[in-house]
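Just so it is clear, none of the values below were taken in a lab; they were calculated from the coordinates. This one's a predicted model, so the numbers in the text were calculated from it and none came from an experiment. Cβ coordinates were reconstructed from backbone atoms using ideal geometry, including for glycine residues, and neighbour counts include every protein chain displayed.
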C-alpha cells in the first residue's frame with residue numbers, strides 16, 4: 001500500500017469511504033433506473049421520463065467519484081509492455097513525471113470546472129428535460145478532480161510498482 005503524506009494520513013479512510021459509497025450508490029441507481037425503465041417500456045409501454053438524462057448524470061457521479069480511489073491505489077489502466085526493458089532509474093523518472101503531469105492536469109481541470117459551475121449557477125443552467133441544476137454536478141466533479149490530483153501528488157515520490165508481478169491486475 002502507498003505511503004501518504006500528512007494530509008492523506010488523516011483523510012485516507014474517509015476519502016475511500018466517500019468515494020466508494022458515491023460510486024456504488026450511483027451504479028446501483030443506474031441499475032435500478034435501467035431495470036424499471038426497460039420493465040416499464042416492455043410491460044406497460046411507458047418508459048420513465050428523463051431516464052437517459054438521469055443515467056448520464058449518474059455516470060458523471062460514478063466516474064468522478066471513483067477517480068480518487070483509483071488513483072489512491074495507483075490502479076489506472078497502463079500500457080507497460082516496454083517497462084521491463086527500461087532501466088530502473090528511467091522507470092522511476094517516468095513514474096514521477098506521469099504523476100506530476102496528471103496532478104497538474106487534474107488541478108487545471110478542477111479549476112476550469114469550478115469556474116464553469118459558478119457560471120452555470122449564475123445563469124441558472126439546468127438539464128434539458130428534467131430541469132435538474134447542473135452546477136452541483138460540476139462543483140462535485142471539480143472537488144473530486146482536485147482530490148484525485150492530491151492523490152497523484154502523494155504518489156509521485158514513490159517507486160513505481162511492478163503491475164503484473166504483484167498480482168493486482170491482469171497481465172495479457
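Annotations for the structure displayed:
- The average projected area of the stretch 90-129, computed from the convex hull of its Cα atoms over all directions, is 3.8 nm².
- CD proxy at 222 nm, helix term only [per DSSP H run n ≥ 4: -39500 (n - 2.57); per residue of the chain; nearest 500]: -24500 deg cm²/dmol
- For volume of the Cα convex hull per residue in Å³, calculated from these coordinates, the label among [x] 141; [y] 125; [z] 106: [x]
- Peptides 79-86, 35-42, ordered by how many other C-beta atoms sit within 10 Å of their residues on average, highest first, read 35-42, 79-86.
- Label-to-label distance, nm, for residues given as residue 121 and residue 97 (7 Å Cα→Cβ offset): 3.9 nm
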